1. For segment 421-429, check the following and say yes or no: at least one residue is part of a loop (DSSP other than H, G, I, E, B) and within 19 Å of the chain's Cα centre (by Cα).
2. Would you be able to tell me the number of residues in segment 291-314 that are in contact (Cβ under 8 Å) with a residue 24 or more places away in the chain, part of a helix (DSSP H, G or I) and not polar (S, T, N, Q)?
3. Please find, within segment 498-532, the residue that is surrounded by the most Cβ atoms within 10 Å (Cβ to Cβ) out of those that are over 20 Å from S273 (Cα atoms) and among the small types (G, A, S).
4. Would it be correct to say that Q490 is in contact (Cβ under 8 Å) with a residue 40 or more places away in the chain and closer than 20 Å to F91 by Cβ?
5. Just one of T485, T463, T435 is surrounded by 16 or more Cβ atoms within 10 Å (Cβ to Cβ), free of Cβ contacts under 8 Å to residues at least 60 places away in the same chain and in contact with a Ser or Thr (Cβ under 7 Å, 6 or more places away or on another chain); which is it?
6. May I ask you to list the residues in segment 494-511 that are of a type in the set (A, V, I, L, M, F, W, C) and in a helix (DSSP H, G or I)?
7. In segment 452-482, what residues are within 21 Å of L332 (Cα to Cα) and of a type outside the set (A, V, I, L, M, F, W, C)?
8. Free of Cβ contacts under 8 Å to residues at least 40 places away in the same chain, crowded, with 16+ Cβ neighbours inside 10 Å and in a loop (DSSP other than H, G, I, E, B): which single residue out of S444, S470 fits that description?
Amino acid sequence: MDASWLTEIRRNQTMSSYVQQNPSMNRFKSALEVLEKDIGVMSIVYHSALTGTQFLLDTDNDGDIDGEFESDNDTSIFIQPAILDALSDLFSYLASSNFGPTIDARLLYIFFFSVTASYNSIAGSKTGVYDTWDWGVKTPLDIGSWYAWMQQTLAFCMPNLVPGWTNGATYTTEFSAFSTRWTTWFTYRSGDGNVAARTPPAYTVLNHNTTTNAITYLETTTSQDFTNTSNYQNSSLWTPLSINGTHKNYLTYGWGSVTSPSLLPSDESAIMSTANAYFPSAGARTTEILALLAMSQSLTDTQKVIAEFWAGGPNTVTPPGMSVWLWKEFMLCQTVSLDTFFYSGLDLTIGLFEASRLCWALKGSHLEARPIQEIRKGYASSTITKYDGTSILGNVWVPYQPSTIVTPAFPDFPSGHSTFTQIFANVMTDWFGATLPTTPTPFSQASLFSPVLSPLARNPYGTFTIIPNSLAVQTTVPASTVTLTFTTWQDIANQAGISRQYGGIHAESANVGGQALANSLRAQQKLNWPLR
């Protein structure tokens, strides 16, 4: 819709007045300006009586004030930014806390479950019992009260996800029934198979010294003797890293036992069997590790950019959050109904949470060694070329990763990146078609998605520009600007998957196994919890 009649001065007054009445939206002001100015959503006209339930809108862009909310299209102007602003706060918290991909996936699911269950109770059409929640229980409200209701939902739920979060909402009598139901659900989901206790046994699943039972660590700065059978009972099994003496123990060992929101045990077995078909034989493993080593010795600038672009390491939202970040950016450059907004977000985060459970269950069952261990073991006395062009012995080989990370703290098969982004590609394709839009988007919180991204001028959605000399592993890379452009959602999944091979931390079987896991999971999830 054409909003050209609203002048820059009036627009700024509108946004400033709205933010003044809604302090929690302050950091979303620029995004609202983008929606109003560049995407052409309905004009928002400020009125002195602006409150949580009373907005005056020009919904048909004829310059006349229409009155209070008339449709969910009116309310979405306010509700969607409020939800996305709270999501941005959650992103910041996840990035600063460095929980890792599994816990991040779970917290993102809890967020979208909470806001979607709340929306569904006042305006949605979903029924049935899913994850112990009766989606058929409704709280009828007039449309003018929807925004205030959703602000109450955020005020009540968000402090359980982001400590200290507040938006100053005032609770209504009607909201008490929902808050009671949500507290019961959150208590159940917080137990979740004893989420807090996700540490591995001291040595029972790891290589360890048979005399002292001390865990064997692979120190990244020195070579190891993989023929020492006292320390390595099976050198093809995963061994945790030690980086300059700092141990990196298994991250969320046993995550597969966390309670599923949508799958039966028989479903899980069938899904994991599909992925297990891609677990390599000993001969195939030797071949793919050799291919990975060859790739690592001749990386191009673009491949190095791709490796870092998708790294999802410390101080980012990690791979599950990267998928939700891409969903968020899509929402910022599109106009969608409230149904589509909430249910697509929930659909995505159900998949990501389930993917984290099944992927980690498979990692724990195979305990496959990472490439750093395989290459150091298999090519210990060979002279090879490091990613920076220098010659080194294979027994001190390191992948194209920051020296503080080197390799994530869990086994190789399957790849979490491949699993998460394939879930993302499948969900987005189901909801929005295979092809990405070319609408400009603001790329808010870009550095939490990938540190190689600095605050950018708007690009078309799916196009990312990486400037020269901006990488962390090699600060002189890239030598010239690299632009990554994706045409389909599947393009995103494919590049994220192969990025882990460029980075030297996953082999090809982990990539295809992860994608197979996601594809099988998506099909079952749609049957068990139909949202689309």
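The values are calculated or read from the model by the stated rules, or taken from the named source; none is laboratory data. Fair warning: this is a prediction, and the values are worked out from it, not measured in the lab. Methodologically, a virtual Cβ is constructed for each residue, glycine included, from the backbone with ideal geometry; neighbour enumeration extends over all protein chains shown.
1. no
2. The qualifying residues number 11.
3. Filtering segment 498-532 for residues that are over 20 Å from S273 (Cα atoms) and among the small types (G, A, S), the one surrounded by the most Cβ atoms within 10 Å (Cβ to Cβ) comes out as G503.
4. no
5. It is T463.
6. A496, I498, A510
7. Here is the first cut: in segment 452-482, the ones within 21 Å of L332 (Cα to Cα) are 453-465.
Selection gives S454, P455, R458, N459, P460, Y461, G462, T463, T465.
8. When all the criteria are applied, what remains is S470.
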